[in-house]
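Below: one structure, written as structure tokens.
Read-outs: derived from the displayed coordinates by stated rules, not from any lab. What you are looking at is a predicted structure, and each value in this text was computed from that prediction instead of being measured. Here the Cβ positions follow ideal geometry from the backbone for every residue, glycine too, while neighbour counts run over all protein chains shown.
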Amino acid sequence: MMQKILNYIDGKLVEPKSGKYLDNYNPSEGKVYSLVADSDERDVSDAVIAAAKAFPAWSAMPTEERTKILLRVADLIDRDLEKLALAESIDNGKTVKFARSVDIYRAASNIRFYATASPHFASEAHVNEGDSVNYTTRFPIGVVGCISPWNLPLYLFTWKIAPALAAGCTVIGKPSELTPMTAFLFSQLCIEAGLPAGVLNIVHGLGGKAGQAIIEHPEITAISFTGGTVTGKKIAATAAPMFKKLSLELGGKNPNIIFADCDFEQAMKTSLLSSFSNQGEICLCGSRIFVERNLYNKFVEEFVKRTKELNVGDPQNETTQLGAMVSEAHLKKVLGYVALAKEEGGKILTGGNQLKMEGRCANGYFMEPTVIVGLNEKCRTNQEEIFGPVVTIMPFDTEEQAIGFANSTPYGLAASIWTENLKRAHRVAHQVKSGIIWINCWLHRDLRTPFGGMKQSGAGREGGWEAIRFFTEAKNVCVKL
Ligand code: TXE
């Protein structure tokens with residue numbers, strides 16, 4: 001009997017109303033290893049009824065009590081760190097090492113961060129001497145929908161539900177149908193921690209069915225979504241006319257700008273990580289590397305040498321650096337972009353192919369880390385999000401040109417800038433149109449900072465108070481003195 005991934009509705013693990021299940025693949029073996037609930041609008045409706053019923057008590061609960069319950073959930077994640085890391089690796093293809101130190105570690109941090117933040121949340125008062133006092137209160141917005149993608153499954157799922165729950169909202173969550181396992185294990189931990197029934201409901205299934213039913217449900221007042229830009233557009237088209245509050249974290253095509261005066265070793269080491277971490281399946285990956293012309297040859301030579309040394313293989317092996325791609329379809333999509341790059345005149349300096357493993361992983365979806373040069377900034381390869389272990393490198397001559405290249409796509413999520421010149425670092429940071437800029441680093445995160453993108457990388461910001469504000473609604477009260 002194959003394991004079934006059930007919905008979590010009203011505090012219980014339940015079968016989908018349809019009685020149907022979808023195949024869930026282990027991408028490093030290329031085979032089905034569990035079944036995930038194929039939910040529809042009936043399951044979403046049950047979840048909303050449970051969440052609406054739980055809302056009055058959860059939103060009115062003293063913040064300290066909510067904090068205690070959420071901290072218990074975080075402690076249980078820590079207790080099950082190894083089990084969850086292995087589960088994430090089997091479900092997504094990523095290495096256990098990465099899942100342990102990034103995904104699962106961050107899932108517990110997300111919950112702890114918001115559980116302990118909400119008691120410090122304060123509102124504002126505006127005093128008009130001798131005339132009036134205005135004070136602004138904030139109320140949890142109600143039943144909210146949190147929809148998350150497959151690349152950082154439990155990490156991004158908890159990044160949304162933690163602020164929602166801490167703010168006093170009740171939640172309908174939908175993890176990606178490609179990577180539902182850790183959200184299922186998480187629902188078991190919520191039950192063990194004593195999270196009251198209906199406070200969090202997890203409905204599994206397809207985006208176009210279960211996800212769409214969440215977006216369309218009239219009683220869901222806010223939607224927090226992370227995923228592809230095309231899906232984000234669809235969600236906005238449905239939710240905006242219903243006046244739902246929307247937070248959209250979408251794709252990126254992030255520039256990594258390297259000036260000749262950088263700390264070469266740091267820039268090199270970090271650029272390898274920003275190119276290929278998690279198989280390049282992170283929206284923050286720096287997929288376009290721009291190098292100042294007098295450093296270009298040296299950089300390319302060393303970068304290609306070190307890319308060739310990267311170890312792609314069994315995700316359960318502790319020395320593996322790149323695991324499997326999330327699905328066969330996604331692997332094909334990424335390989336399709338390599339073919340496009342060739343058509344567009346690009347030269348593949350290393351990689352570009354699917355990799356065949358031996359033994360357990362013989363049928364897995366592995367790909368060589370790939371470095372492409374010889375393309376201009378306007379071609380499709382340099383404009384569209386590939387979301388795999390593929391980077392392009394291009395030379396630039398002036399600061400202005402580097403900024404122009406960086407800003408040439410419809411995306412504006414993140415950027416890295418490498419230089420030892422302080423003035424230039426700030427100058428360039430101010431001109432690159434991205435929501436997140438890293439100077440001499442990458443993926444260096446402080447959970448208090450606003451997180452999100454400009455242009456087609458999304459709308460709104462997550463992180464810190466931004467997320468608590470998103471899940472609460474302001475009401476201003478004016479008192480005439
Ligand atoms: O993501 P989707 P996909 C990018 C990346 C990737 C592309 C497509 O380029 O190749 O997006 O990936 C749910 N109503 N990113 O198709 O569809 C879906 O079930 C409601 C970037 O896998 O955006 C899942 O839970 N929900 C990225 C979630 O949306 C819907 C992370 C994300 O899936 C829905 C992932 C609908 N109509 C992919 N359709 C990032 N920026 O981090 C789908 N979903």
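General observations
- Across segment 199-214, rounded Karplus estimates of 3J(HN,Hα) from the backbone phi angles (6.51 cos²θ - 1.76 cosθ + 1.60, θ = phi - 60°) give 5, 10, 10, 10, 10, 8, x, 6, x, x, 10, 5, x, 4, 5, 5 Hz, Gly and Pro being marked x.
- Radius 13 Å from Cβ of Val36, net charge of other residues (Lys, Arg +1; Asp, Glu -1): -2
- Contour minus Cα-Cα distance for Leu355 and Gln383 (0.36 nm per residue): 7.5 nm
- Peptide ranges 365-375, 416-426 listed from the most packed, as the mean C-beta count within 10 angstrom indicates: 365-375, 416-426
- For segment 255-446, averaging the sequence separation of C-alpha pairs within contact (under 8 Å, six or more residues apart) and dividing by the residue count gives a relative contact order of 28 percent.
- Overall form of the chain per C-alpha gyration tensor (a/c, 1.5; a/b vs b/c): oblate
- Between helix 181-193 and the chain: long-axis angle, C-alpha atoms, 0 to 90°, nearest 10: 30 degrees
- Sorted peptide list for 432-439, 308-315, criterion being average Cβ within 10 angstrom, highest first: 432-439, 308-315
- Relative contact order (percent, whole number), the chain, Cα cutoff 8 Å, 6+ residue spacing: 19 percent
- Annotation for Lys423 and Asp261: the two label points, set 7 Å from Cα along the Cα-Cβ direction, are 0.9 nm apart.
- The long axis of helix 422-431 is offset from the longest Cα principal axis of the chain by roughly 60 degrees.
- Spin-label zone in segment 440-473 - amide nitrogen under 19 Å from a point set 7 Å from the Cα of Thr136 along the C-beta vector: 449-451, 460-473
- If R0 is taken as 45 Å, the Cβ-Cβ distance between Leu71 and Val304 corresponds to a FRET efficiency of 0.45.
- Legend: residue pairs Lys68/Lys233; Lys174/Lys332; Lys20/Lys233; Lys68/Lys244; Lys83/Lys233; Lys94/Lys244, Cα-Cα distance threshold 32 Å; pairs beyond threshold, Lys68/Lys233; Lys83/Lys233; Lys94/Lys244.
- Candidate aspartates and glutamates - alpha carbon under 15 Å from Lys4, same-chain residues fewer than 8 apart omitted: Glu15, Asp23, Asp38, Asp91, Glu177
- Förster radius 45 Å - calculated FRET efficiency between Ala240 and Glu328 (Cβ-Cβ, nearest 0.05): 0.85
- In this label model, Tyr33 and Lys347 are separated by 4.1 nm, measuring between points 7 Å along each Cα→Cβ vector.
- Rounded, prolate or oblate (a/c below 1.5 giving rounded, otherwise prolate when a/b exceeds b/c) for segment 87-152 by Cα gyration tensor: prolate
- Over the chain: helical MRE at 222 nm, DSSP H runs n ≥ 4 each giving -39500 (n - 2.57), nearest 500: -11500 deg cm²/dmol
- The overall shape of segment 352-481 is oblate: from the C-alpha gyration tensor, with semi-axes ordered a ≥ b ≥ c, the ratio a/c is 1.5 or greater and a/b is no larger than b/c.
- Per-residue 3J(HN,Hα) values for segment 258-269, derived from phi via the Karplus relation 6.51 cos²θ - 1.76 cosθ + 1.60 with θ = phi - 60°, read 10, 8, 5, 8, 6, 6, 4, 5, 4, 4, 5, 4 Hz in sequence order (x marks Gly and Pro).
- Spacing of the two label points (7 Å from each Cα toward its C-beta) at Arg469 and Met61, in nm: 2.7 nm
- Ordering of 89-100, 211-222 by burial proxy (mean other Cβ atoms within 10 Å per residue, highest first): 89-100, 211-222
- Summed residue charge, Cβ within 14 Å of Ser118's Cβ, Lys/Arg positive, Asp/Glu negative: +3
- In the chain, the longest principal axis of the Cα atoms and the axis of helix 105-117 are about 40 degrees apart.
- Only aspartates and glutamates eight or more places from Lys305 in sequence, or on another chain, were considered; those with a Cα closer than 15 Å are Glu265, Glu368.
- Unit charges on C-beta of K, R, D, E only; dipole of the chain, Debye: 400 debye
- In this structure, the residue pairs whose Cα-Cα separation is over 24 Å, taken from Lys12/Lys245; Lys298/Lys433; Lys97/Lys308, are Lys12/Lys245; Lys298/Lys433.
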